[in-house]
1. Which Rg and Dmax, in Å, describe the Cα atoms of the chain?
2. In nm, to one decimal, how far is the residue 36 label point from the residue 220 one, both placed 7 Å along Cα→Cβ?
3. For segment 5-84, what class follows from the C-alpha gyration tensor (a ≥ b ≥ c being the square roots of its eigenvalues): rounded when a/c is under 1.5, otherwise prolate if a/b is larger than b/c, else oblate?
4. Can you give the % of DSSP beta bridges in the chain that are antiparallel, to the nearest 5?
5. Going Cα to Cα from residue 146, which lysines come in below 23 Å? Please leave out same-chain ones fewer than 8 positions away.
6. Given points 7 Å out from each Cα along the Cα-Cβ axis, report the residue 245 to residue 307 separation in nanometres with one decimal.
7. For a quick protection proxy, order the peptides 51-59, 205-213 by their average other-Cβ count within 10 Å, most packed first.
8. Quick one: what Rg and Dmax do you get for segment 199-322 from the alpha carbons, in Å?
Amino acid sequence: MNFKIAVLAGDGIGPEISVQGVNVMAAVCRKFGHTVEFRDALVGAAAIDAVGNPFPDETYDTCRNADAVLFSAVGDPKFDNDPTAKVRPEQGLLAMRKKLGLFANIRPVETFDCLIHKSPLRPELVKGADFICIRELTGGMYFGEKVEGDDRAYDTNAYTRVEIERILRVAYEYAMRRPRHHLTVVDKANVLASSRLWRKIAQEMAPQYPEVTTDFMYVDNAAMRMIQEPTFFDVMVTENTFGDILTDEGSVLTGSMGLLPSASTGESTPVFEPIHGSWPQAKGLDIANPLAQILSVAMLFEYFNLLDEGALVRRAVVASLDANVRTPEIQVAGGRRYGTKEVGEWIVNYIENCK
Ligand code: IPM
Ligand code: MG
């Protein structure tokens, strides 16, 4: 394949981990005879500083003309405590999602056996947990009508049938491909009208997928079940806001937030990015874990059905963990603390030299 990849490094640790993802992608392409051309584009605070817009038109064009986007992170503390700021880095991310029609956000929650002791849950609870959260990404409260007055403000949690059907279809297709064929639809149908429409449509669609066991769970209960019995879940689908909250919970269950990649897909170019944010305090210190970014490259290959390429990236990541080539937050007691660059270089080297 001849890949054209838009590289949106963004803010904080973004640029440092981005380079490692790019290097790994280039190494795998060399190994398998693909060509790849990377185009950098501005996003987030970096784009506000440069051109006053967190998702400039030029970036949009670069994304649209690419096969995939390798995204890193946006966010900068100078905007966080200023509710009057007119533009914010996060708006760049939301604009990208909306303009590229990225309605399906796929966030796998996977455990690595050698990191289970880092989980806030007891190992016996979390061992074997392996589920995918499918979060609707372009609807709901994030994009519904908003009024922001001094004495009254509201956000509207609107969903249309079309929006619900297409995300449920993605979820059912994932559930069909997984051995357990189990789909949990997470909502708040005991209170919210929008949730009742989700539930109604899911009930209508369920008979089209007889192999899949569909169950429904209220979001508060799901938040609890995820820490009580995370192995219950296989594929979970939910609306934008609930998905935002539950995926943060999911990302720490495995003990390794720095290891979880994600994919956002929909109508235009798909985006692959780590789940974690821009971690501004670590910027420039060469301590950030590049593995989530590198695993995003695995998801990218898998999206294009290049399964051997994806598997090689995953194998290289596991090999680096087994060799204890780890960044500080996951290093074993007394082990050497490797830098972002060293971990990336080790993985590139593994890919180049493996049989
Ligand atoms: C996420 C993030 C974003 C979201 C923020 C940065 C706007 O938390 O991708 O989960 O709320 O969707
Ligand atoms: Mg979030």
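Just so it is clear, none of the values below were taken in a lab; they were calculated from the coordinates. Worth saying up front: this structure is predicted, and the values here are computed from it rather than measured. Cβ placement follows ideal geometry from the backbone for every residue including glycine, while neighbour counts extend to all protein chains displayed.
1. 20.0, 65
2. Rounded to a tenth, the inter-label distance reads 4.6 nm.
3. Details: a/c = 3.89, a/b = 1.88, b/c = 2.07.
Verdict is oblate for segment 5-84.
4. On the way: 17 of 45 bridges.
Close to 40 percent.
5. Cα-Cα hits under 23 Å: 86, 98, 99, 188.
6. According to this spin-label approximation, the distance is 3.7 nm.
7. Working: 51-59: 18.1, 205-213: 13.6.
So the peptides 51-59, 205-213, ranked by packing, come out 51-59, 205-213.
8. 17.0, 53
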